[in-house]
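The values are calculated or read from the model by the stated rules, or taken from the named source; none is laboratory data. Here the structure is a predicted model, which is why all the values come from computation and not from measurement. Cβ sites come from the backbone with ideal geometry, for glycine too, and all protein chains shown count toward neighbours.
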Amino acid sequence: ADALAAGPCGGRAVYLKCLAALALRADVRPIGPVPTFLSGPRTLLRRIAMLRVTDDTPTRRRWPAAVAVAFLAAAALGLHGTTPEALADPVVPAKFAEKKDRAPLDASYVLLADHPDAAGVYAIRLGELLRTPGMEKIAEQYAAAMKSGIGDREVHFKLTDIDQISGLVNLNHDPKQPPPNRALTMSLTSIRMTNDFNWEKQLKAWCTDWKEYAYAGGTYYSGKMSLPVLGPADQTVWFYLPDGRSVVIESQENIRKLIDAKAKPLPAPAWAGDWKDVERGTLALVFPDVKGTVAKKLLTEKLESDLAESMRKPLMTVCAKAARAAVGVDLDKGCSVRIRFACASATDAADVDAGCQTIVKLAKAALKESDEPTDPLDKAGQRLSDCLIRGIEFGKTVDHVVELRMSAPDGLTDLLKALSTGK
């Protein structure tokens, strides 16, 4: 029905934008007091997914899988302590080219909730990401969507004025829904602007029933969002302004914990060292308990793709044995990726090694079987994935930490441009 309706509405692209706007209001149960950026796999998102992949002449795109397999193959080779056969020449050395003068990405306001879907912590330099070459049209689309959702309400900033956002990484699974019923989502906890910003004025423009509270020498606020795109109108949202640039959106209980921490700092989380290793890039992500969270959320049902199905078992082995994982991505010059796996013992590392060796074989097979790309998006994706795979470097430490790095100095801009045009 959606496919038939797309034609009279101006095509799939226009119709998808309409569904996307509605999806922002989807009835997703949030981890905290604000909705997630990416909704769970409910009706609207399934319709969007169907429209995006359903066509009269379906294409076969293997480069997204190739990129994912490249990451996993790199992890496998890093554990095994070997070097791969040359995939192509010239080989580009991998460099995680992060800016040394950057302030570190900050996840200090993110408190990992005791929730079955909360799996990790993330932070993104949003303004920098939106200014990445090739992102111009995508940034314009997000700005237009924001303007459409806000309507005539006051907005005193641009998305590119934001320095960082941070929050929880959630692995959602709704067994009551038919597949695909799993999703990785990110919930918003804090926003930090590049310069000082009057968050109280902005939030008052968006809320009703605004209230101010004093606690332990600090101040925090509550209100009810008057914009459906930002959350249910009848739900109280709590805000904390720790400095002149930042706002924290959390539960009242957690905000009080953060205020208390100013006088008596909270103990450093167990994943603090992992975070420090990836905090200087464009994006940082840490899964503090891979065995306890990620492993339990992996797919158990048979997958349609032969490649994906063959990867499922070794992936389950890797996730069941790796204790923690950290990912850093830097887009300052091309695309640099750094991934670290921490294992609790040599035995666990050996088990992960066995699973990863299988993934290496799958990576090579996927590359050999890839079709020659024909459209601009496929060509750009294939080019970037080839560069990443050829540039893999590996290392490991005596305390069972496995690190892999890959870098593609070229290809990212072309891929972003192709994505923004939908070609």
In the stretch 182-202, how many residues are assigned to a strand (DSSP E or B) and either of a type in the set (A, V, I, L, M, F, W, C) or closer than 21 Å to Val155 by Cβ (or both)?
-> 9
Within the stretch 246-263, track down each residue that is of a type in the set (Asp, Glu) and exposed (fewer than 15 other Cβ atoms within 10 Å of the Cβ).
-> Glu253
Does Tyr142 satisfy being modelled with pLDDT of 80 or more, closer than 19 Å to Asn170 by Cα and surrounded by 13 or more Cβ atoms within 10 Å (Cβ to Cβ)?
-> no
Do we have Ala123 as surrounded by 15 or more Cβ atoms within 10 Å (Cβ to Cβ) and without any contact (Cβ under 8 Å) to a residue 24 or more places away in the chain here?
-> no
Just one of (1) surrounded by 13 or more Cβ atoms within 10 Å (Cβ to Cβ); (2) at pLDDT below 95 trips up Lys176, so point out which.
-> (1)
Qualifying residues in the stretch 93-139 (those that are among the acidic types (Asp, Glu) and closer than 27 Å to Gly411 by Cα) - the one modelled with the lowest pLDDT = Glu98
Residues within the stretch 179-222 that are basic (Lys, Arg) and in contact with a Leu (Cβ under 8 Å, 6 or more places away or on another chain), tallied = 1
More than 30 Å from Gln252 (Cβ to Cβ), of a type in the set (D, E, K, R) and touching a strand residue (DSSP E or B) at 6+ places or on another chain (Cβ under 6 Å): does that describe Arg131?
-> no
Tally time: how many residues in the stretch 214-262 are without any contact (Cβ under 8 Å) to a residue 60 or more places away in the chain and in a helix (DSSP H, G or I)?
-> 8
Inspect the stretch 150-161 for any residue being touching a residue at least 12 places away in the same chain (Cβ under 8 Å) and either touching a Pro at 6+ places or on another chain (Cβ under 7 Å) or surrounded by 19 or more Cβ atoms within 10 Å (Cβ to Cβ) (or both) and give the result as yes or no.
-> no
In the stretch 388-410, how many residues are at pLDDT 85 or above and either crowded, with 19+ Cβ neighbours inside 10 Å or of a type in the set (Val, Ile, Thr) (or both)?
-> 3
Which numbered condition trips up Asp243, out of (1) in contact with an Asp or Glu (Cβ under 9 Å, 6 or more places away or on another chain); (2) of a type in the set (Asp, Glu); (3) crowded, with 19+ Cβ neighbours inside 10 Å?
-> (3)
